[in-house]
1. Kindly indicate the residue of the stretch 329-347 that is charged (D, E, K, R) and open to solvent by 50 Å² or more (accessible area, probe 1.4 Å) and also nearest to the chain's Cα centre (by Cα) among those meeting that condition.
2. For the stretch 314-328, enumerate the residues that are open to solvent by 40 Å² or more (accessible area, probe 1.4 Å) and of a type outside the set (Val, Ile, Thr).
3. I'm trying to understand the selection: among the residues of the stretch 322-365, which are part of a helix (DSSP H, G or I) and among the basic types (Lys, Arg)?
4. Among the residues that make up the stretch 41-59, is at least one of them more than 30 Å from residue 112 (Cβ to Cβ), of a type in the set (Val, Ile, Thr) and in contact (Cβ under 8 Å) with a residue 60 or more places away in the chain?
5. Please find, among 59, 75, the residue that is surrounded by 13 or more Cβ atoms within 10 Å (Cβ to Cβ) and more than 42 Å from the chain's Cα centre (by Cα).
6. Would you confirm whether any residue within the stretch 303-321 is assigned to a loop (DSSP other than H, G, I, E, B) and among the polar types (S, T, N, Q)?
7. Can you tell me which residue in the stretch 243-295 is modelled with the lowest pLDDT, limited to those that are hydroxyl-bearing (Ser, Thr, Tyr) and farther than 13 Å from residue 331 by Cβ?
8. Look at the stretch 175-192 and say how many of its residues are more than 26 Å from residue 113 (Cα to Cα) and either open to solvent by less than 50 Å² (accessible area, probe 1.4 Å) or without any contact (Cβ under 8 Å) to a residue 12 or more places away in the chain (or both).
Amino acid sequence: MISNQIVQNTIDGLKAITRHDFCVLDAEAKVIATTGESVVGEYVEEVEAFINSHADSQEMQGSHYVKVFDEYLVEYVIAIRGNDDDAYKLGKLGAFQIKSLLVAYKERFDKDNFIKNLLLDNLLLVDIYSRAKKLHIENSVARVVYLIESQNIKDTNISEVLRNLFPDKTKDFVTAVDEKSIILVKELESREDDEIENFANEIYDTLSSETMSPVSLAIGTVVTDLKDVSNSFKESAMALEVGKIFNREGNISTYSKLGVGRIIYQLPLPLCKMFIQEVLKGKRVSHFDEETLTTVSKFFENSLNVSETSRQLYIHRNTLVYRLDKLLKQTGLDLRKFDDAIIFKITIMVSQYMEYMEKQNTSRM
C-alpha cells in the first residue's frame, strides 16, 4: 500500500535523528528499504520463522526485529542492529512510525474508495451514512463537484496539484473514476455563486500554469446531502460535454448556466436533422462561407444592432446589409427580425451539436 520510496524516506529520516541504521523487510523477508547494509544476510530462514511466529519482536544474530501489523496481518518487519534496550526502543519507534503511515494511507484509500462509489451510485443509502460516519465525513454540509479534464491527463500530476491546492483531506476529496478526468468534491462555506466561481478560476489558473496543458473544467450544482453528490457529478459531466459543443472559447462550464445548450444537448439526432432540413432545405451551416458566419456571430453579439456590428467589423453599413440580404435569399430568414434571428441562432447550435455527436460516434467505431 505504501510505496517503497516512502518507506525509504521514512527510515532515512529516522537515521538522521537517531544516527542508527534501519532496515525494513516485507512479509516475505525481502528487504525493501535500508539505510545501510542488510541485516538479514544469510539468516533468511530465521527471519521467515520469526515472521510466522506469534512473537511481536525478537533479538537474533545481533539485531532487533519488530513486526508492523496491518490489523492482524504482518505487513512489514523493522530491523536495527544491536541487542541492548536502546536498539529495542529504536526498533519499536521505527515500527510505530511505519504503522502510522499504514493507518494514514489506508484511511486515505478507504475515503477515496468511498467517494468513488458515492459518485458512481454504487452504494445503498444506509451504507452511505454508516460508512461516512466511520470515515468521519460529515453528511449535511454544502458541497459541489468540479470535473477537470486535460488533453494530457496521463502525463500530468493533476491530482497532486489539486490536493496541494485543497489540503484539507477531511473536507475536500480528489479522485478519478476514469482515465480522462479528475474530480474534486469541494465543501463550501456558503452557497454563493461568487465563491463557487472563484474556486473554479483558482483551479483553472493553477492547473494551467502548473501542468502547462489545456484544461477544461465543469461545475455541478450545490448539494447539502452526501447521497446527492452523485447528482452534482452527473451534472458536471453534462456541463463539460455541453461546454465542448457550445462554449468552445470558454474553459469553465457551469451546469446552472447552460441555457439553451442544455435543451439542445438532450434532443434526439433524428429530430435535429429534421429541423435542419426544414430551416436550411438540405444545406448545412458548414456550407456557409466563413465571412457570413463571422458576420452573423458578431451581429448576434451586438443584439442585432447594424451600426455597432458594422463598426466592430470595420465595414460599411451597406456592406453589412448586403451580407444579411444575401443570407435572406439563401435561407428565407431575415436576421434583422427577432423571430428569424432566434431560428437561425438555434439552427447554428443544433448544427454544432450534430457535428459533435457525429465525431463522437465516428471515434467510437
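1. Step one: filter the stretch 329-347 for residues charged (D, E, K, R), giving 329, 334, 336-337, 339-340, 345.
With the extra rule that they be open to solvent by 50 Å² or more (accessible area, probe 1.4 Å), the set shrinks to 329, 336-337, 339, 345.
On the way: 329: 48, 336: 44, 337: 44, 339: 41, 345: 33 Å.
Ranking the candidates gives 345 first.
2. Across the stretch 314-328, the qualifying residues are 314, 316, 317, 318, 322, 323, 325, 326, 328.
3. Looking only at the stretch 322-365, we keep the residues that are part of a helix (DSSP H, G or I), and these are 322-331, 338-364.
Hits for the stretch 322-365 are 323, 326, 329, 345, 359, 364.
4. Keep residues of the stretch 41-59 that are more than 30 Å from residue 112 (Cβ to Cβ), which gives 41-50, 52-59.
After this cut, where a residue has to be of a type in the set (Val, Ile, Thr) as well, the list is 44, 47.
Keeping just the survivors that are in contact (Cβ under 8 Å) with a residue 60 or more places away in the chain gives none.
Taking every residue of the stretch 41-59 in turn, none turns out to be more than 30 Å from residue 112 (Cβ to Cβ), of a type in the set (Val, Ile, Thr) and in contact (Cβ under 8 Å) with a residue 60 or more places away in the chain.
5. Working: 75 fails: more than 42 Å from the chain's Cα centre (by Cα).
Just one listed residue meets the conditions, 59.
6. yes
7. Keep residues of the stretch 243-295 that are hydroxyl-bearing (Ser, Thr, Tyr), which gives 253-256, 265, 286, 292, 294-295.
Filter once more, keeping what is farther than 13 Å from residue 331 by Cβ: 253-256, 265, 286, 294-295.
On the way: 253: 93, 254: 94, 255: 95, 256: 92, 265: 93, 286: 82, 294: 92, 295: 93.
So the residue we want is 286.
8. Going residue by residue through the stretch 175-192, those that are more than 26 Å from residue 113 (Cα to Cα) are 190-192.
Pick out the ones that are also either open to solvent by less than 50 Å² (accessible area, probe 1.4 Å) or without any contact (Cβ under 8 Å) to a residue 12 or more places away in the chain (or both) and you get 190, 192.
Going through the stretch 175-192 one residue at a time, the tally reaches 2.
The values are calculated or read from the model by the stated rules, or taken from the named source; none is laboratory data. This structure is a prediction, so every number in the text was calculated from the model and none was measured. Neighbour counts are summed over all protein chains in view; Cβ atoms, including those assigned to glycine, are modelled from backbone coordinates with ideal geometry. Accessible surface is based on the protein model in full, side chains and every heavy atom, while ligands, DNA and RNA are left aside. Shrake-Rupley method; radii C 1.70, N 1.55, O 1.52, S 1.80 Å.
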